[in-house]
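Nothing in this text is a laboratory measurement; each read-out follows from the coordinates by a stated rule. Only a predicted model underlies this, so the values are computations on that prediction, with no experimental measurement involved. So basically every Cβ, Gly included, is an ideal-geometry build from the backbone, and we count neighbours across all protein chains shown.
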Amino acid sequence: MASWYDRAIIYQIYPKSFQDSNGDGIGDLNGIRQRIPYLKDLGINAVWLNPVFVSPQVDNGYDVANYYAIDERMGTMADMEALIADMHAAGIHVIMDFVLNHTSDQHPWFQDAVKSKNSIYRDYYIFAGKNGRKPNNWGSFFGGSVWAPDPSGSGQSYFHLFDKRMPDLNWANPEVRLAMGDVAEFWLGKGIDGLRLDAFIHIAKGDLYQNYPTAGDDNEPIVAEPFFANLPKVQEWLRPFAERIKADYPQAFLLGEAASASVNLAVDYTSAYAHLMDSVITFRYFTTDEEALDDTLPHQYQPTSIDWHQFRETQVVWQQTLASLPTLYWSNHDMARLATRVAHSETEARSLAILMYLQRGIPIIYYGEELGMQNLQFNSSSQFADPSVDAFVKKAITQGKAKADALKMVSATHKLPARGPMSWDDSAHGGFTTGTPWLNGAASKTAPVSAQKQDKNSMLNFYKQLLAIKAEPVLQEGKFRLLDFGDSTYVYTRQTALETVLVAVNLTARDAVFTLPAGEYTALLSAGAYGQTGNELTLGAHASVVFQRY
Ligand code: GLC
Ligand code: CA
């Protein structure tokens, strides 16, 4: 059956930073509603909202205290219903973030679970160990151990893969599986069109009393991914969940965040016969070039460059291997922005957008990318609210780096400065708020929406043209094939029985010259300088061109 999401062009909105409607400095649902005409005009047909549920905001909404209500800073249930209705009226589908691996420690289930070992919610979470001893040496993604002491004083510990205020749910418990299915159905019943399943690959854990093997000389916790990522039970437990949703809402789009999933796992998760996800988001697209890094400093916050050779190979493998549609993206709320992390010029940013989004699959454009927005620049480590930043900056200073330079490095690589306020106009705070933005930092000089609208050569107008092309049948349905002109280029065709589009991108700063296959070529869109004489194509530094072939 054809589904709306086969033609989805998604725009990712970080609700806290998109548009504030009441001057409290925090973006909200009514703010998003005001901007629907902008979204429509851009040419997207779906939005993914990062979490808007009741939350203490330890992890900006990924710590949910009540799945059935909207955080009051974001608005009300009535606002959410109005947002869904207005989006639908504009032809835009709504995808909500669904945080299923963990809750907030303020969730009533957890509050009850830690009252006593006999709580009926005890088994909703993962408790283990005794006499204050941790069951294993596994490390949390957010630093330190995955174990925290049970506040009830039982001597047990509870499991948290992320912050200790985000206890993991026990998916081995069938009641949890049902309860989370109920949450999903509640929101689909409100009319939303899909769910982005946060961190779903982590819901199953291995033997809790198995240490991760170490050299044996330290007790530092280790991020033991093989013991809590992509285990077979993930599929066993999510299949009935997905089947229930599809039985009740056949058009619901299930988009899984599968950060560490290999292409083969992505095939397993998204094959039609698997009855799991419709598509997944992998983090494996962006292999960085590790050789260029300074080994005297932790690698985590050193700006990197992409290993383009590896990137090319990865893209083609994902394009050709998945029966489902791959997701196509350059950034999201968990990584530095495209214009900060990867692209060194506006031409390069445009060419990379052409390269990525015209491939086979579902574009996901991170808000502000269409303006060329960059990461914010923070001038103190405390703004990151992340202990790993303090550690990095201290270490950099002992290695002789200036503090300001160290903070520049972290600002360019950390996820938080990628979540800055959207830049709408020339007024204070870019028209995002009349108050003080919740996240403060120096913004880059990116021209705001108001100015870019007036300029026909702006990044914004370029994105509009690109998305209009993406909506064409040949770029929706066409077969993908890489034409191999060597490592410094990325050249591919999209082809249906009726039409062929050829996309040519120069990945380097040196001119690329090659001969196109026979045919007549008319340019639809380009970035940077190119020259065409007959079938001989010259692409200038980081230039690209999209051709219709006759
Ligand atoms: C996902 C989210 C990330 C969040 C984490 C825990 O990876 O994208 O922002 O911190 O899950 O929910
Ligand atoms: Ca607000």
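Give the relative contact order (percent, whole number) for the stretch 476-549; include only Cα pairs under 8 Å separated by 6+ residues.
Details: 174 pairs, mean separation 22.0, N = 74.
Relative contact order comes out at 30 percent.
Per residue Cα convex hull volume for the stretch 130-206, in cubic angstrom?
Details: hull volume 9.2 nm³, N = 77.
Spelled out: Cα convex hull of the stretch 130-206, divided by residues, is 119 Å³.
Binning at 5 Å from 0, report for the stretch 476-549 what percent of all alpha-carbon pair distances ends up in each bin.
Distribution as computed: 4, 17, 30, 27, 15, 6, 1, 0 percent.
What's the percent breakdown of Cα-Cα distances in the chain across 10 Å bins, shortest bin first?
In order of increasing distance, the bins hold 3, 17, 27, 28, 17, 6, 1, 0 percent.
In sequence order, what are the phi-derived ³J(HN,Hα) couplings for the stretch 133-138 according to the Karplus relation 6.51 cos²θ - 1.76 cosθ + 1.60 with θ = phi - 60°, rounded to whole Hz, with x for glycine and proline?
8, 6, x, 8, 9, 6
Is the stretch 151-301 best put as rounded, prolate or oblate by its Cα gyration tensor, with a ≥ b ≥ c the root eigenvalues, rounded for a/c under 1.5, and otherwise prolate when a/b is larger than b/c, oblate when not?
Because a/c hits 1.5 or more and a/b fails to exceed b/c, the stretch 151-301 counts as oblate.
Can you give the translational diffusion coefficient of the stretch 20-96 in µm²/s, computed by Stokes-Einstein from the Kirkwood radius over Cα pairs at 20 °C and 1.002 mPa s? Write down the numbers at each step before the final one.
Numbers: Rh = 12.9 Å.
Result for D is 167 µm²/s.
Give me 456, 233 ranked fewest to most by other Cβ atoms within 10 Å of their Cβ, as a rough exposure proxy.
Values: 456 10, 233 13.
Listed from fewest to most nearby Cβ atoms, that is 456, 233.
When you take every Cα atom in the stretch 1-54, what is the radius of gyration, and what is Dmax, the widest Cα pair distance, in Å?
Cα-based Rg and Dmax for the stretch 1-54 come out at 12.8, 45 Å.
Would you mind calculating the relative contact order of the chain from Cα pairs under 8 angstrom and at least 6 residues apart, reporting the percent as a whole number? Please list the in-between numbers first.
On the way: 1164 pairs, mean separation 66.0, N = 550.
Reported as a whole number, the value is 12 percent.
Computed over the Cα atoms of the stretch 383-519, what is the ratio Rg over Rh, Rh following Kirkwood?
On the way: Rg = 21.9 Å, Rh = 19.6 Å.
Dividing the radius of gyration by the Kirkwood radius yields 1.12.
Treat the count of other C-beta atoms within 10 Å as a stand-in for reagent exposure and order 288, 327, 103, 538 from fewest to most. Write out the running numbers ahead of the final one.
Working: 288 18, 327 24, 103 27, 538 15.
Ascending number of Cβ neighbours within 10 Å: 538, 288, 327, 103.
Sequence neighbours fewer than 8 away in the same chain don't count; with that in mind, list the aspartates and glutamates whose C-alpha is under 20 Å from residue 445.
Once the sequence-local aspartates and glutamates are set aside, what remains near residue 445 is 346, 348, 369, 370, 405, 425, 426, 455.
With a ≥ b ≥ c taken as the square roots of the eigenvalues of the C-alpha gyration tensor of the stretch 433-509, please select rounded if a/c is under 1.5 and otherwise prolate if a/b is larger than b/c or oblate if it is not?
Details: a/c = 2.88, a/b = 1.97, b/c = 1.46.
Verdict is prolate for the stretch 433-509.
Over the stretch 269-358, what per residue volume does the convex hull of the Cα atoms give, in whole Å³?
Numbers: hull volume 10.5 nm³, N = 90.
So the per-residue Cα hull volume is 117 Å³.
Just rank 187, 48, fewest to most, by other beta-carbon atoms within 10 angstrom. Mind showing how you got there, number by number?
On the way: 187 21, 48 25.
Final ranking by Cβ density, sparse to dense: 187, 48.
If you add up the charges near residue 127, with Lys and Arg at +1 and Asp and Glu at -1, over every other residue whose beta carbon is less than 15 angstrom from its beta carbon, what do you get?
Values: positive: 115, 117, 122, 130, 133, 134, 164, 205; negative: 105, 112, 123, 150, 168.
Net charge in that neighbourhood comes out at +3.
Nearest 5 is fine: what % of DSSP beta bridges in the chain come out antiparallel, could you say? Don't skip to the end; give the middle numbers.
Working: 45 of 71 bridges.
If I count the DSSP bridges inside the chain, around 65 percent turn out antiparallel.
Please list, short to long, the whole-number percent of alpha-carbon pairs of the stretch 310-448 in consecutive 5 angstrom bins beginning at zero.
Histogram of Cα-Cα distances, whole percents per bin: 2, 10, 16, 18, 17, 14, 11, 8, 4, 1, 0.
State which stretch of the chain is the longest one without any exposed GluC sites (Glu not before Pro), exposure meaning a DSSP loop state and at most 13 other Cβ atoms within 10 Å.
That gives 73-519 as the longest site-free run.
Can you list the lysines whose alpha carbon sits under 26 Å from that of residue 470, skipping same-chain ones fewer than 8 residues off?
40, 453, 456, 479
List the lysines whose Cα lies under 27 Å from the Cα of residue 395, skipping any in the same chain that are fewer than 8 positions away.
Hits, sequence-local ones excluded: 164, 403, 408, 415.
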